[in-house]
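Right, one structure below, let's go through it.
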C-alpha cells in the first residue's frame, strides 16, 4: 500500500463516517422541526376552534335555558344563529389533517357535538310544543351530553397539547443526542487518531529517522550501512531499499575509483617521468609558459638555441627574445588560444639571440587546461629554421626575378605566334597550323604558370601589399560569370549565383578575384558538359563564407590531403585536361592565408566538389 | 441509560455506524499493521465490548413478577386475551395468573377480597366499592363503547314507559344497572316504578326465556343471545348519554408498592393495543376463540368497541354521573371524590399521550 493510501484511507473513512452521520442527524433534526411546526399549527387551530366551540356552547346553554324558562320565541333566531356558527366550527375541525389517536378522539368529539345538537333540537321542539315533560327529559339528556362532549373536547385538547409537548421534547432530545453523538464521535476520532499517530510513528517516522541516521553516516563518509529491520512496500520502504542499493553501488564505485586512482597515480608518475626526461633530453627547444606569458621551465636545447646558460634561460622574459615586429602577432595568437579559438598553433617567428641577432624559428605551441577548462600552461617546441627560411626567401626572390624576366620574352613569343597564326592561316597546310596553334597554347599555359609562380613567390617573399576595400561579393562573382560566359556556353554549363546583393566584406579585391577566378576556372575545366556550377555566399559569425560547387569529376579520396600542395593534379583529371598547371589551388590557399582566411573543400569522386573560402568580414591591423 | 435503549431512541443506523467504527478500524490495523498480536487484542476488546452491548440490549433490566388478574369474560377484555395469547405478559417478564369472572363486579370483589392483585371491570363496580369504603384506584381504561350495554324489551314498538310496574332483570352493582337507571330517568321513571330483579348473569338468559322479566338490562353478547332466544319480537335500546369503560384497577396501596409489576402489566396491554391496531382481524379471532362467540355475531359488536389503553375525561365524566346517581339513590353514604379513584401517574410515565385526563385535584 502506498504512503498516500496509508494516510488518506483512514482519514477518508473518518470523514465519510462523520459526513454521513452529520447528514443523518441534520435530516433527522429537520424532519423533527417540520413535524413540530406542523403540529404547532394543528394544535393552535384545534385549541382555537375548541375554545370558540366552548364559548358558543355556553351561549347556547344560556339561551336554551332562558328559552325553556321563558318560552320566548324571539330567542329562537339567536339559537339558530349560534347553531349555524357551531356547525361551521365543527366542519373546520373535521377538515384538519389528523392521524391516529388524535383523529379518533377528534371524530368522537365531533360525534358527541352532533348528539348534543340533536338533543338540543329535540329540547327546543319540546319547549316550542309546550311539552314540559319531554322538554325536561331532553334538557336533562342535553346537559349530560354537553358535559360528556366537554370532556371529549378536553381530551382532544389535552392529547394534542401532550403531542406538541412531546415533539418539542423530542426536538430537544434529538439535539441532546446529537451533542452526545458528536462528543462520542469526537472522542472516537481522537482515539483513532492517536492509534493512527502510533501507527504513523512505527511505519513512517521511525523508518524516516533511521533513514536520516543512515544518510548522516553516508554524509560522514561511512558507506557501510544496512537496512534496519524489514522494509515495507510503501514509498519509505522503497526509498530505504533504493538508498541501501545506492550506497552499495556507491561503495562499489568508490572502491573501483580508489583502485583506478591508485593505478592512475602510478601511470601519472611514469608519464611525468617520461615527460620530464623527454623535455630535458629533447633535441628540440622546449619551454613551459604560464598563460600570462612567464617562463616556467626551459630545456637545455632551447637555452643553447638562444645562447643562454640553462639556469639563466629561465630568468629571460619571453617577449624580450621575440622580434618586435612579430610580437603583436604572437600576442594575438596567444589570446586566441586562451579564448579557445585554437588548441594549438604553428607559427614562424623571428627570435633574438643573446648576442643580438634575429633568426627564424618554427614554434609549435599547445595550451594545457585543467578538467574545468582553465588554462594551466603552454608547451612550446621551438625549431631553428633560419637556414631553410633564408633559402626559401632566396628561392622566392629568384623565382620572382626569373618569372619577371621570362614574362617579357614570353609575351613577345605569344604575340608573335598569334600574329603568325592570323597571317599564315590558309597559306600553310593544316598540319603546320596545328603546330602553331599548339605552340601558342603552350605559350599561354606557360605564361599562366609563370604568372601564378610570380604571384606565389611575391606573396611568399612578402612583397604583396594587401589593399583593403569594401567588396560586394555578388558583383565580383557576376563579373567573373560574364568573363567566363564563353567557355560555360561552349560546355553548356548551368551557372547559378545565390548571394545576397548586400553582402560585402573588407578585403583585397584583386586577390579575392584571383582566388574565385581560379576556383571558377577549375570548375569549368573539370565539369563535364551539361553540368552545373553554383556560387553561394553568406555571413558566418564575424566571417563571410564563399562556396563554389560543381558537378565535376571530383577529387579521389586518397589524394584529397594534397589538394592545396604545389603542382597537385588529380589522377582522374590529367587525362581529361593535360594542360593544367597544378598551381591554382596552391595559389588559392596561399592567397586566402594572406587574407587571414581559410580554404576548405569536400569532394566525392564522380559527383563533384565544393570549395569554401572563409574570410574575415572586417580587416583589422595586427 | 442502557446502550440498547439509547440505540433504539437514536435509530439503528447511528448504532451500526458507531459499532462498525471500532470494528472497521481494528480490521484495518489488522490488515496493515505488522503486529498481529496487537490487532488481535484490539479485535478481542471490540468483540467483548460488542458482547457487553448485546447483553445490555437483550437482557431485560426488570425482574420477573407474578400477578393475579381478575377480569370478566367479556368482549371488553379483549386486550387481556390478546396479551395472553401473544405472550406479551411473559415477554414483559411477567407471570400473570388470569382469573376470569362472569361479570366485572365479581372480579372487583375478588380484588377487594385479596384473591387477585388487579382487576378489570366496568367503572360502576369501582364506584360502588368506593361507596363501600374500599380503597381502589383505576390505572387505565382498556376499552370504551357506547353501544354495548343496553336494554332489551319484548314486543315491537315497545316503549320504556310501558315497563312501568313490570319486572326488569339486571345484575345489580354493574354498569347495566346504571344504564337502566338512565333509560328510565329519561322516560320519567325510576326504579320504584318497575320491579327490579337482580339476576345473576348465568341465570339471566333463562329468566328471559321463561318470561320472568319483561326486559333485561345487560351487555353483549348476552343481549344478542336474548334477542335470538325470545319467541316474540324484541327491541334493544341504548343510552344516548352513556359510554362504558373497562377499567384496570388495583388496591390503592398496591399502586405504589407493586409499581414495577403494574408497569410491566401496562406495557403488555400497550403491546396488545398496538397488535390490535396492526392486526385487527387476528385480534378479533383471539377474542372469538376465548369467548367462543360465533364469528358472525362478534362481527356485529366489534365495530362498537374501541380498544385503547387510556385515561380520559370521558371516564371522569361517567364516574361523576354515576357518583351523582349513587348519591341520589342514597347508596353512597358519603360524597365520592372521583378524582381520587384514578391514578394517572403510572400510565403517564409510560405513555403521556394516553393520559388526556385533566387533573382536577
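The values are calculated or read from the model by the stated rules, or taken from the named source; none is laboratory data. The model shown is predicted, which means the values in this text are computed figures rather than measured ones. FYI the Cβ positions are ideal-geometry reconstructions off the backbone, even for glycines, and counts take in every protein chain you see.
When residue B:187 is tested against (1) over 18 Å from residue B:125 (Cα atoms); (2) modelled with pLDDT of 90 or more, only condition (2) is not met. Among the residues examined, residue B:340 qualifies as under 22 Å from residue B:120 (Cα atoms), touching a strand residue (DSSP E or B) at 6+ places or on another chain (Cβ under 8 Å), away from chain A (no Cβ under 14 Å) and touching a residue at least 12 places away in the same chain (Cβ under 8 Å).
Among the residues of segment A:424-456, those that are over 14 Å from residue A:407 (Cβ atoms) and in contact with a helix residue (DSSP H, G or I) (Cβ under 6 Å, 6 or more places away or on another chain) comprise A:436, A:439, A:440, A:456.
Candidates in segment A:1-27 are the residues that are surrounded by 12 or more Cβ atoms within 10 Å (Cβ to Cβ) and at pLDDT 80 or above; of these, the one that is nearest to the chain's Cα centre (by Cα) is A:20. Taking the conditions exactly as written (assigned to a helix (DSSP H, G or I) and within 9 Å of chain B (Cβ to nearest Cβ)), does residue A:182 satisfy them or not? No: the conditions fail for residue A:182.
Among the conditions (1) more than 11 Å from chain B (Cβ to nearest Cβ); (2) farther than 30 Å from residue A:240 by Cα; (3) surrounded by 13 or more Cβ atoms within 10 Å (Cβ to Cβ), the only one that residue A:172 does not satisfy is (3).
Annotation: of all residues in segment A:147-169 being more than 7 Å from chain B (Cβ to nearest Cβ) and free of Cβ contacts under 8 Å to residues at least 40 places away in the same chain, the one that is farthest from the chain's Cα centre (by Cα) is A:165. Evaluated against (1) closer than 22 Å to residue A:168 by Cα; (2) away from chain B (no Cβ under 14 Å); (3) in contact (Cβ under 8 Å) with a residue 12 or more places away in the chain, residue A:43 falls short on exactly one condition, (2).
Scanning segment A:66-80 for residues that are surrounded by fewer than 14 Cβ atoms within 10 Å (Cβ to Cβ) and part of a helix (DSSP H, G or I) yields A:69, A:70, A:73, A:74, A:77, A:80. Of the residues making up segment B:186-199, at least one is touching a strand residue (DSSP E or B) at 6+ places or on another chain (Cβ under 6 Å) and surrounded by 22 or more Cβ atoms within 10 Å (Cβ to Cβ).
With the structure loaded, tell me whether residue A:20 is within 28 Å of residue A:175 (Cα to Cα), touching a helix residue (DSSP H, G or I) at 6+ places or on another chain (Cβ under 8 Å), more than 14 Å from every other protein chain (Cβ to nearest Cβ) and assigned to a helix (DSSP H, G or I) or whether it fails that test. Considered against the rule, which asks whether it is within 28 Å of residue A:175 (Cα to Cα), touching a helix residue (DSSP H, G or I) at 6+ places or on another chain (Cβ under 8 Å), more than 14 Å from every other protein chain (Cβ to nearest Cβ) and assigned to a helix (DSSP H, G or I), residue A:20 comes out as no.
Taken together, B:238, B:307 contain a single residue that is within 14 Å of chain A (Cβ to nearest Cβ), touching a helix residue (DSSP H, G or I) at 6+ places or on another chain (Cβ under 9 Å) and surrounded by fewer than 20 Cβ atoms within 10 Å (Cβ to Cβ), which is B:238. Summed over segment A:131-143, the residues that are surrounded by 21 or more Cβ atoms within 10 Å (Cβ to Cβ) and within 10 Å of chain B (Cβ to nearest Cβ) give a count of 3. Answer yes or no: is there a residue in segment B:134-153 that is away from chain A (no Cβ under 14 Å), modelled with pLDDT under 90, outside any helix (DSSP H, G or I) and over 17 Å from residue B:70 (Cβ atoms). There is no residue in segment B:134-153 that is away from chain A (no Cβ under 14 Å), modelled with pLDDT under 90, outside any helix (DSSP H, G or I) and over 17 Å from residue B:70 (Cβ atoms).
Answer yes or no: is there a residue in segment A:237-254 that is over 28 Å from residue A:8 (Cα atoms), part of a helix (DSSP H, G or I), over 36 Å from the mean Cα position of the chain (by Cα) and at pLDDT 80 or above. Taking every residue of segment A:237-254 in turn, none turns out to be over 28 Å from residue A:8 (Cα atoms), part of a helix (DSSP H, G or I), over 36 Å from the mean Cα position of the chain (by Cα) and at pLDDT 80 or above. Of the listed requirements (1) touching a residue at least 40 places away in the same chain (Cβ under 8 Å); (2) within 12 Å of chain B (Cβ to nearest Cβ), residue A:128 misses just one: (2).
Taken over segment B:242-266, the residue count meeting the criterion of being more than 19 Å from residue B:95 (Cβ to Cβ) and without any contact (Cβ under 8 Å) to a residue 60 or more places away in the chain is 1. In segment A:107-122, of all residues being more than 12 Å from every other protein chain (Cβ to nearest Cβ) and surrounded by 21 or more Cβ atoms within 10 Å (Cβ to Cβ), the one that is farthest from the chain's Cα centre (by Cα) corresponds to A:120.
Can you spot a residue in segment A:571-579 that is part of a loop (DSSP other than H, G, I, E, B), out of contact with any strand residue (DSSP E or B) (no Cβ under 6 Å at 6 or more places or on another chain) and closer than 17 Å to residue A:516 by Cα? Checking segment A:571-579: not a single residue is part of a loop (DSSP other than H, G, I, E, B), out of contact with any strand residue (DSSP E or B) (no Cβ under 6 Å at 6 or more places or on another chain) and closer than 17 Å to residue A:516 by Cα. Scanning segment A:584-609 for residues that are surrounded by fewer than 17 Cβ atoms within 10 Å (Cβ to Cβ) and either touching a strand residue (DSSP E or B) at 6+ places or on another chain (Cβ under 9 Å) or not assigned by TED's automatic domain parsing to the domain that holds residue A:540 (or both) turns up A:593, A:596, A:598, A:600, A:602.
Tell me, please, whether a residue that is modelled with pLDDT under 85, assigned by TED's automatic domain parsing to the domain that holds residue A:306, surrounded by 13 or more Cβ atoms within 10 Å (Cβ to Cβ) and farther than 23 Å from residue A:278 by Cβ can be found in segment A:351-369. No: segment A:351-369 contains no residue that is modelled with pLDDT under 85, assigned by TED's automatic domain parsing to the domain that holds residue A:306, surrounded by 13 or more Cβ atoms within 10 Å (Cβ to Cβ) and farther than 23 Å from residue A:278 by Cβ.
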